[in-house]
Each structure stands twice: as C-alpha cells, then as structure tokens.
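Okay, so here's the structure we're looking at.
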C-alpha cells in the first residue's frame, strides 16, 4: 500500500472543541503526524463535555482520533521556548484562538516564521483576523445566525432554527484543511511558509452563494420552507403509514418516472406540473397529492419501490438506525477503535477513499498528555530528569502513563 498523502508532515495542533480539531483530524487521517498541545491538568475544553466513558469524553474522542497529545503551558516562558523549539521541527501550526492571542503570547506568525521560514500557520476564528468583527468571540450558533443560515432553516412560518449539526464549525474545519494542504503544495513550489486565515462566518457565506444570487435576481428574500426546495419540486419529506421518507424528482425525466411508478401518469400532463418551474410554483398542490399517496404504505415499501426505479429517495433515520445500517459498515463510515482507557469506542470513519492509499482511522483519540514523554524526547532530545523538572514547575503535566480500563 502506498504512503498516505501527508506522510512526513508534522502539525502542531493548538486547537480545541470542534472547528480546529475537525481540521487537524482530516490532516491526521491523510497521514500527517498531529501533535495536540494541551493545557496541563485540563486539556482541550471538550474533554469536559459529557457523556463520559470511564472518565473520557465521548465528544473529545469523536474528533481527535489519530493524534498525539502533549501538555504544555504556553503562558510560561519555558513553555513558549519549548513550543518555538518544536516549531523548528514542524511544518504546520493550527490554532483557533481568538484573534490576537498568539501575538499576545509572543508566539505569533512573525515569531514562528523568524525561526522557521517554511512554517504554515493556519488560524480559525469566528470572524477572521482582519475584518471589523475580528475581536469578537463566536460559537457555531452565532455564525449560523449572522450568516443567514438560520433564516432558511426550520418550518415555514416557524422560528428560525440552528442546523442539527455544527456546520459553522465543520465548514471552517474543512476549509482550513483545504487551505493547509494548498499552502503545503505552494511551499513545494517555492512559496515558503505563509498564513492561512479562515473565518467561520466567511465559510457559511460561501455556502450561501445560491441564495445571495437568488435575492439579487428576484429582489425577494428567501424564506424558510421546511424540507422543500426553493428551485426544485418535488423535493421534500413525506409521512408514510409508519414513519417519514424524503424523495427528490428534480427534473422532468425523474418526475415522469415517479408518476408512472405511482400509477399517476395524469400528473405528467397536468398543466400545473408540466415543467420544473411550474412544479415549483405549484409545489403545495403537488405535495398534497403525493403526501396522500405516501400515507397508504410503509417507508420500507416506498424506498424499495423507488430504488428499483432509480428515483432518489431515503428513509429518515435516527442515529441508532444510521449506526445499524449495513451501508455504513461496508463503507468503513462507522467503525470501532480501541481506546487505552475507554475501551472499544464507536466513531465515524473517513469519507475520502483513494485508489492507491488506505486512509482509515486506526488509532484512538489520546489520553491527556499521553505522548508528552515520547514527543519531547524524540523531537527535542529531552531526558526524563529534564521533563520531571518541567512537570514540577507546571510547564508540562505529570509524566504518568495512562492506565488501561479494568
């Protein structure tokens, strides 16, 4: 099997919670050595998020597979010196502090690039490092609101809703990973190191492109319409006799196939539904007709029927049903890893599949400080006596080896 795409790349990970850890998890899954630098005795904030498995946070373990963990106090001078020494031997630094914190700690890009001109510094924040909101703090729900996403999410006429997953955090993590990989490629072409600046809000605005254009063209503000689509019909969720399915017949060919499948060929020539534009204009009438039909049988029946005919559809699964679905296991999208404390832990897999390279999650998230001795000795040549002295002064955490669960 070929080497992973990012084998040989070393990443210093100062991130916490979700946006940054999501980015560095992608880099780790692509083969980078990701060294997570955490606060002694505390670690990533998400280590305190419930639920726990033998004292380890399920949330933290979900987004930190394949990484190493060391503890280092960056507020102490010795901690800063050790970090900058690590920068000399690294390729990338990723952090999601509020803008200006790295400079306040005197470990910003200017300082790092002075000792390693090839270092790539990726920064994630709510509003970027240059805009008018650069000093504001943000969480996912904040940027979903400001970015217009919540105005489009929820039932028609109802309250605006946050997306069920943290798309502001995850989107920023994805874009930052792309930025880091692009900067690494640029460095190979002689561009040297550089900064990669990603704002959560900017990422959501990028996602909103179609709606910005739609408003500019029509001068109408796009509103919440539940699970319907502003530009395609039929495209919605429908109740069946036992649960809910979604179905999308977004062009004339698929709509014709749907009508024949349902024994309603008359809908093909109905003047209200003759084209997609007309179906969108009359989507409420169309959905009422389809909704009454779908209530006559089960979700399994409709999904099997539509799958046989090539009509896009799916059952609305719960998380339990998702985990149990054979597709997920066949695609390695749900798998188990063995954690040194939590034991067997279920995690989501890596969605990018290469023809020559296996990028599969094989190592669990680290226990706090699990690799401190390994990293400091192998990268910086520190002795155990030197590390014990650092631990006694609080620069690093205790030098204990994680105890496996009973």
Exercise for the section: Would you check if residue 80 is modelled with pLDDT of 95 or more, under 25 Å from residue 8 (Cα atoms) and either in a helix (DSSP H, G or I) or not assigned by TED's automatic domain parsing to the domain that holds residue 171 (or both)? Expected result: yes
Fill in the blank from the handout: For segment 108-125, the count of residues that are within 27 Å of the chain's Cα centre (by Cα) and more than 14 Å from residue 194 (Cβ to Cβ) equals 2
Exercise for the section: Could you please let me know if residue 391 is under 25 Å from residue 54 (Cβ atoms) and in a helix (DSSP H, G or I)? Expected result: yes
Fill in the blank from the handout: The residue that is nearest to residue 378 (Cα to Cα), considering only those in segment 57-77 that are more than 21 Å from the chain's Cα centre (by Cα) and not in a helix (DSSP H, G or I), is 70
Completion exercise
Residue pairs within 6 Å by beta carbon, gap of at least six or interchain, first lying in segment 86-103 and without any contact (Cβ under 8 Å) to a residue 40 or more places away in the chain, second assigned to a helix (DSSP H, G or I) and surrounded by fewer than 22 Cβ atoms within 10 Å (Cβ to Cβ), listed first then second, are 88/115
Problem - Verdict on residue 31 being assigned to a loop (DSSP other than H, G, I, E, B), touching a residue at least 60 places away in the same chain (Cβ under 8 Å) and under 14 Å from residue 366 (Cβ atoms) - result: no
Completion exercise
Filtering segment 153-186 for residues that are buried (at least 18 other Cβ atoms within 10 Å of the Cβ) and outside any loop (DSSP other than H, G, I, E, B) leaves a count of 15
Completion exercise
Here the residues within segment 112-141 that are assigned to a helix (DSSP H, G or I) and either surrounded by 17 or more Cβ atoms within 10 Å (Cβ to Cβ) or not assigned by TED's automatic domain parsing to the domain that holds residue 183 (or both) are 112, 113, 140
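The values are calculated or read from the model by the stated rules, or taken from the named source; none is laboratory data. Please read these numbers as outputs of a predicted model, since none were measured by experiment. Because the Cβ atoms are built from the backbone with ideal geometry, glycine has one as well, and the counts that use them run over all protein chains shown.
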